[in-house]
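These notes are about the structure you will find just below.
The values are calculated or read from the model by the stated rules, or taken from the named source; none is laboratory data. The structure presented is a predicted model; accordingly, all values stated were derived computationally and were not measured. Here Cβ is always computed from backbone atoms with ideal geometry, including for glycine, and neighbour counts include all displayed protein chains.
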Amino acid sequence: MSQATPQVSGKLFGLFCLASYLLSLSYGSTFLLALLIGSRGGNEHDAGSVISAAMLSTFVAVLVSGHLSDLLGAARSIALFGLLLVAASLGFAMTPGFGHLLLFFGLLLGLGWGVFYTLGPIIVASLVTPAQRAKYFALLSGSMMTGIGSGPLLGRAASALELPVTSAFYLAALASLIGVLMFWRLGSRLKSTQATTAASITWSTSAQVLGSRAVFAIIMVGLGGCVFGGLSSFQTSYAAAHSLDYSLFFLGFMSAAISSRLLIAGFVVKRDPLRASCLLSGLMLGSIVLFAFGVHSAFSYLLAAVMLGVGYGLTYSVINGLAANEAPVGTTSQALLLFSLAYFIGVFGFPLLAGKIIVEHGMAALLYTVLAVALINWLITIGRLLWRRLNVRTAPAI
């Protein structure tokens with residue numbers, strides 16, 4: 001970004017995070033799809049197909065989001081496509097059975113969520129200095145993950161009140177509509193994002209980003225998306241298999257994500273990002289080990305969820321900052337677009353495979369697969385640390 005980065009007010013950023021939370025409820029409600037489709041006679045593979053339909057439309061969202069931002073401004077682009085999140089939530093609730101119409105609403109979800117998830121960090125990058133990015137990315141992603149975690153809790157509350165699970169989708173649609181209105185009003189106050197953000201993605205800028213060190217953060221977010229999408233999308237099935245309450249997972253995950261940002265995010269973002277990402281991705285790996293082999297009670301289930309919330313949540317914030325700061329000069333926005341695209345491939349694409357694994361081989365096979373993905377993710381951070389140490393040792397000799 002060529003222009004000076006403005007200072008954002010606390011009130012404005014607070015409204016931005018609140019609107020992000022409300023929009024995120026629509027995506028969070030999709031973690032109830034396995035439960036909803038199961039009640040209509042379908043299975044996890046059917047639910048995975050609906051969720052993965054969103055992956056196709058997110059490609060379109062990533063490609064057009066930059067042009068939309070240049071044309072309308074980032075905030076109002078989010079508001080416009082946020083209406084698709086409202087429509088998707090209503091469609092999931094109102095569509096009978098589990099046929100092809102649900103795939104259509106999955107596509108709408110991908111378009112709406114893709115534009116929002118892509119342009120949100122770009123707005124933040126345009127509002128704060130590079131040194132502040134990790135902190136403000138943590139606050140944004142914390143708001144979004146809180147909304148995502150709240151979505152399934154709406155389903156649990158509906159169940160406690162003896163209401164159908166579709167009630168959660170209706171409430172998510174209402175919350176998202178309020179978020180849409182807030183983003184539209186914020187558009188005039190965030191005009192700077194339109195002028196300072198060159199968000200359109202091209203082959204040449206993509207090649208520059210993927211040829212830089214930012215590629216490691218982009219790969220890691222894709223792998224992390226596989227872990228998060230695979231576990232969260234079928235947590236209702238996991239909990240049922242272990243005779244547990246799935247709300248414990250989302251409550252633990254959400255609480256850990258919020259508290260870690262309030263209490264330790266400021267400390268983490270000031271540390272060495274490579275060491276921090278190694279430690280946090282290791283914690284995420286440990287949580288998967290616990291899910292696979294150590295969950296035998298409500299306490300151990302909650303502990304695994306908390307470990308995942310801290311590990312995944314803070315790792316995401318750290319590597320989001322790495323993707324922005326390790327990209328070549330002038331390609332920050334494009335790096336964030338590719339970062340979002342990799343996340344979408346993981347979080348929306350992996351559930352299709354995950355659902356198939358559950359139906360054909362069982363939940364244990366899925367956990368072993370997720371464990372392998374988390375291990376690869378952690379080994380990337382180990383490799384980067386070792387490579388840096390090797391370069392530091394050889395530099396004086398050269």
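Kindly evaluate Phe81 against the criterion of being within 28 Å of Val359 (Cβ to Cβ), in a helix (DSSP H, G or I) and either aromatic (Phe, Trp, Tyr) or in contact (Cβ under 8 Å) with a residue 40 or more places away in the chain (or both). Considered against the rule, which asks whether it is within 28 Å of Val359 (Cβ to Cβ), in a helix (DSSP H, G or I) and either aromatic (Phe, Trp, Tyr) or in contact (Cβ under 8 Å) with a residue 40 or more places away in the chain (or both), Phe81 comes out as no. Just to be sure, is Thr193 polar (S, T, N, Q) and either buried (at least 19 other Cβ atoms within 10 Å of the Cβ) or modelled with pLDDT of 90 or more (or both)? Yes; evaluated as a whole, the condition is true for this residue. Within the set Tyr136, Tyr170, the sole residue that is within 28 Å of Ile122 (Cβ to Cβ), aromatic (Phe, Trp, Tyr) and either modelled with pLDDT of 90 or more or in contact with a helix residue (DSSP H, G or I) (Cβ under 9 Å, 6 or more places away or on another chain) (or both) turns out to be Tyr136.
Anything in segment 353-398 that is farther than 20 Å from Gly222 by Cβ and of a type in the set (Gly, Ala, Ser)? List them, or say none. Hits for segment 353-398 are Gly362, Ala364, Ala365, Ala395, Ala397. So, in segment 327-354, how many residues would count as being among the hydroxyl-bearing types (Ser, Thr, Tyr) and under 14 Å from Ala61 (Cβ atoms)? The number of residues fulfilling the criteria is 2. Would you please name the residue that is surrounded by the most Cβ atoms within 10 Å (Cβ to Cβ), looking only at residues in segment 54-78 that are at pLDDT below 90, of a type in the set (Gly, Ala, Ser) and closer than 30 Å to Ile357 by Cα? Across segment 54-78, the extreme among qualifying residues is Ala54. Every condition in (1) surrounded by fewer than 19 Cβ atoms within 10 Å (Cβ to Cβ); (2) at pLDDT 90 or above holds for Asn43 except the one numbered (2). Which of the following residues is small (Gly, Ala, Ser), more than 26 Å from Gly112 (Cβ to Cβ) and surrounded by 23 or more Cβ atoms within 10 Å (Cβ to Cβ): Ala372, Ala354, Ala335, Ala305? One residue alone meets the criteria, Ala305. Every condition in (1) surrounded by fewer than 20 Cβ atoms within 10 Å (Cβ to Cβ); (2) closer than 20 Å to Leu33 by Cβ holds for Leu154 except the one numbered (1).
In segment 37-53 there is at least one residue matching the filter, namely being out of contact with any helix residue (DSSP H, G or I) (no Cβ under 7 Å at 6 or more places or on another chain), of a type outside the set (Lys, Arg) and assigned to a helix (DSSP H, G or I). Residues in segment 212-255 that are free of Cβ contacts under 8 Å to residues at least 12 places away in the same chain and either surrounded by 21 or more Cβ atoms within 10 Å (Cβ to Cβ) or more than 30 Å from Ser300 (Cβ to Cβ) (or both): Val215 only.
Only a single criterion out of (1) free of Cβ contacts under 8 Å to residues at least 40 places away in the same chain; (2) on the phi < 0 side of the Ramachandran plot; (3) not basic (Lys, Arg) is not satisfied by Gly362, namely (2).
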